[in-house]
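The values are calculated or read from the model by the stated rules, or taken from the named source; none is laboratory data. Being a predicted model, the structure only gives us computed values, none of them experimental. With ideal geometry, Cβ positions are generated from the backbone for all residues, glycine too; neighbour counts draw on all protein chains shown. Calculation scope for accessible area: heavy atoms of the full protein, side chains included, ligands and nucleic acids excluded. Shrake-Rupley method; radii C 1.70, N 1.55, O 1.52, S 1.80 Å.
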Amino acid sequence: GARPFDQVPGEWRTGWLNLYHFWKEGGFHNVHNIMASKFQRFGPIYREKLGVYESVNIINPRDAATLFKSEGMLPERFSVPPWVAYRDYRNKPYGVLLKTGEAWRSDRLTLNKEVLSPQVVGSFVPLLNQVSEDFVRRAQAQVQKSGREHWTADFSHELFRFALESVCHVLYGERLGLLQDFVDPEAQQFIDAVTLMFHTTSPMLYVPPALLRHLNTKTWRDHVHAWDAIFTQADKCIQNVYRDIRLQRKSTEEHTGILFSLLVQDKLPLDDIKASVTEMMAGGVDTTSMTLQWAMLELARSPGIQERIRAEVLAAKQEAQGDRVKMLKSIRLLKATIKETLRLHPVAVTLQRYTTQEVILQDYRIPPKTLVQVGLYAMGRDPEVFPKPEQFNPERWLMMGSKHFKGLSFGFGPRQCLGRRIAELEMQLFLMHILENFKIETKRAVEVGTKFDLILVPDKPIYLTLRPL
Ligand code: HEM
Ligand code: 2DC
């Protein structure tokens, strides 16, 4: 028989002491490295208790497979305490991100049809393509303006705007104009609020929701302000679309946005639509932009690989005669590049599920209702899973014998990332256009590390150069 739960290695008997050590090691911004070193120390499974939260952590793709195959119809992940606390404090309804049980499932099924299903995803291509084309135009203008033959900058702010412009175009069917010289200060406030919201989440990650309000620390107040700004701005965008419908300013001919479809279908109560659309708007900023920044850095560091992907893109362009939908079907290496970028630089440090029945992991019996985390960052850098993990090599995804539960960057199953198809298309189109028009370069071999700000982000600014071909 399998070994008992009590024998899983790790330090899980002293939750508050662990939290103290964690804090002393600068753990709030270092979760990913602490996890990687725990796998080094304890092996492929360990138990941990931080504050009141207990978890079992795994790194092996086969264990991830066991976990996800037993997840059932209503999978649940760790629900981020400060996010729950904010909504309870302000009496805001939960969207799919925080809902559970049947309420989650029925919202999610309705949303899937408008956000994730192959039928609608095709209609996102022209919307997202337009935004990428505008980015290229802006980059060309910046090259002109510089008086040199290139544009060198820390692109993070440009990419935040690009990402928000992209997600809003598919959500609302409207352009915000963030790739112009004048940027609406309210839109900029939204971007800053999302970054602040993530940043203030990590120090409160292991504090139970009920405690947070009562402690009333500066971090909590900043967090509340950040969410307030997010909800206010999203609400304005939502009201705009709502008004257009009442005034019958929108036609059903073209794709008029996810929100429009949800509203006219009338399958979800308005409050639930608003809650999930707000989550998508906020979820669409830092995730894709940081991934694109990492992708450009990796491509700049590997000019040979960059050249091969460019060749693939240019060939696809010629064959498809500019038809982007066709092109997207023949850019295997570019798609692998995004997977490879997310292997080394995942947005989510872990995936988590609460078990609903007993599962056997590494020959230990894990009881129901246990929080199990898949160490995504650690897995991506584990030489047992990815040979020579430090090498950025997109081709590994085309050669790998078995990809079984190795490409988990967007999660898995019915609870996987709702924005996955938007994110993938947005990133594919962006990189396609950049590679068609510019060489991506980086000056010095500056080592950029990773920081945990709830999502994983670069620990210092990344300077890149775009040079017209
Ligand atoms: C959930 C990753 C972009 C909205 C998730 C999860 C991951 C993830 C790992 C948890 C999945 C699971 O538990 O199995 C990413 C990555 C992105 C990205 C790597 C881009 C590089 C986006 C975008 C949106 C979005 C652009 C909005 C359009 C959401 C939402 C959930 C989610 C709403 C919760 C879904 C639910 O609980 O039903 N994402 N995400 N994400 N993501 Fe993303
Ligand atoms: C953070 O220990 C670390 O996609 C915790 O677009 C476990 C955990 C739980 C949920 C994860 C979170 C981590 C990272 C950020 C994720 C989130 C689920 C969705 C969210 C991965 C790994 C994200 C970024 C969403 C955010 C939408 C939000 C802004 C409304």
> Which stretch or stretches of the range 121-137 have amide N atoms under 20 Å from the point lying 7 Å from ARG175's Cα along the Cα→Cβ direction?
Replying inline: 123-137
>> Along the charge dipole of the range 1-109, pointing to its positive end and built from +1/-1 on Cβ of Lys, Arg, Asp and Glu, which listed residue (VAL56, THR14, SER106) has its Cα farthest out?
In response: SER106
> the range 204-301: which GluC sites (Glu not before Pro) are DSSP loop and have at most 12 other beta-carbon atoms within 10 angstrom?
Replying inline: GLU253, GLU254
>> Under the 0.36 nm per residue contour assumption, what length would be gained going from the current alpha-carbon distance of HIS214 and MET73 to full extension?
In response: 47.2 nm
> With θ set to phi - 60° and the Karplus curve 6.51 cos²θ - 1.76 cosθ + 1.60, what are the ³J(HN,Hα) couplings of the range 433-447 in order, to the nearest whole Hz, using x for Gly and Pro?
Replying inline: 5, 5, 5, 5, 10, 9, 8, 9, 10, 9, 6, 7, 7, 6, 7
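Which of the trypsin sites (Lys or Arg not before Pro) found in the range 1-94 are in a DSSP loop and have at most 16 neighbouring Cβ atoms, other than their own, within 10 Å? Kindly include the intermediate steps, with their values, before the conclusion.
On the way: sites: ARG13, LYS24, LYS38, ARG41, ARG47, LYS49, ARG62, LYS69, ARG77, ARG87, ARG90; in loops: ARG13, ARG77.
Sparse-neighbourhood loop trypsin sites (Lys or Arg not before Pro): ARG13.
Given the pairs LYS326/LYS406; LYS236/LYS339; LYS24/LYS451, which are separated by over 25 angstrom at their Cα positions? Please list the in-between numbers first.
On the way: LYS326/LYS406 27 Å; LYS236/LYS339 35 Å; LYS24/LYS451 16 Å.
Check vs 25 Å cut-off fails for LYS326/LYS406; LYS236/LYS339.
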> Using the Karplus equation 6.51 cos²θ - 1.76 cosθ + 1.60 (θ = phi - 60°), what ³J(HN,Hα) coupling, rounded to whole Hz, does each residue of the range 11-25 give in order, writing x for Gly and Pro?
Replying inline: 10, 10, 8, 10, x, 6, 5, 4, 5, 5, 4, 4, 5, 5, 7
> In terms of modelled amide H atoms, which long-range or inter-chain residues lie less than 5 Å from the amide H of LEU361?
Replying inline: ILE366
> Between the DSSP loop rule and a limit of at most 13 other Cβ atoms within 10 Å, which trypsin sites (Lys or Arg not before Pro) in the range 366-427 are left?
Replying inline: LYS369, LYS403
> Counting only heavy atoms of protein chains, what accessible area per residue, in Å², does the chain have with a probe of 1.4 Å?
Replying inline: 44 Å²
> Given H placed 1.01 Å from N in the peptide plane, which residues other than close sequence neighbours of GLN352 have an amide H under 5 Å from its amide H?
Replying inline: PHE78, VAL374
> In whole Å, what are the Cα extents of the range 231-356 along the three principal axes, biggest one first?
Replying inline: 53, 45, 31
> In the range 392-469, what percent of the accessible surface is made up of carbon and sulfur (1.4 Å probe, ligands and nucleic acids excluded)?
Replying inline: 53 percent
> Can you list the lysines whose alpha carbon is less than 19 Å from that of LYS439, not counting same-chain residues fewer than 8 positions off?
Replying inline: LYS145, LYS317, LYS335
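Pairs of alpha-carbon atoms within less than 8 angstrom and 6+ residues apart define the contacts here; what relative contact order does the chain have, in percent?
Details: 706 pairs, mean separation 125.7, N = 469.
For the chain, the relative contact order is 27 percent.
Please report, as a whole percent, how much of the solvent-accessible surface of the range 223-294 comes from carbon and sulfur atoms (probe radius 1.4 Å).
On the way: 1410 of 2980 Å².
Answer for the range 223-294 is 47 percent, counting heavy atoms of protein chains only.
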> Which value in nm describes the separation of the simple spin-label points at HIS150 and GLN321, placed 7 Å from the Cα toward the beta carbon?
Replying inline: 3.7 nm
> Using only the Cα atoms of the range 1-136, what do you get for the radius of gyration and for Dmax, in Å?
Replying inline: 20.3, 61
> Using θ = phi - 60° and the Karplus form 6.51 cos²θ - 1.76 cosθ + 1.60, what ³J(HN,Hα) does each residue of the range 448-456 get, whole Hz, x for Gly and Pro?
Replying inline: 9, x, 10, 10, 8, 10, 6, 9, 7
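Only helical DSSP H runs with n ≥ 4 go in: add -39500 (n - 2.57) per run for the chain, normalise by residue count and round the 222 nm mean residue ellipticity to 500 deg cm²/dmol.
The per-residue figure over the chain is -17500 deg cm²/dmol.
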> Give or take rounding to whole Å, what are the principal axis extents of the alpha carbon atoms in the chain, in descending order?
Replying inline: 63, 53, 41
> With the Cα gyration tensor of the range 162-321 giving a ≥ b ≥ c as the square roots of its eigenvalues, does the rule (a/c under 1.5 for rounded; else a/b larger than b/c for prolate; else oblate) give rounded, prolate or oblate?
Replying inline: oblate
> Once you charge only the Cβ atoms, +1 for Lys and Arg and -1 for Asp and Glu, what is the size of the charge dipole of the chain about its Cα centre, to the nearest 20 debye?
Replying inline: 620 debye
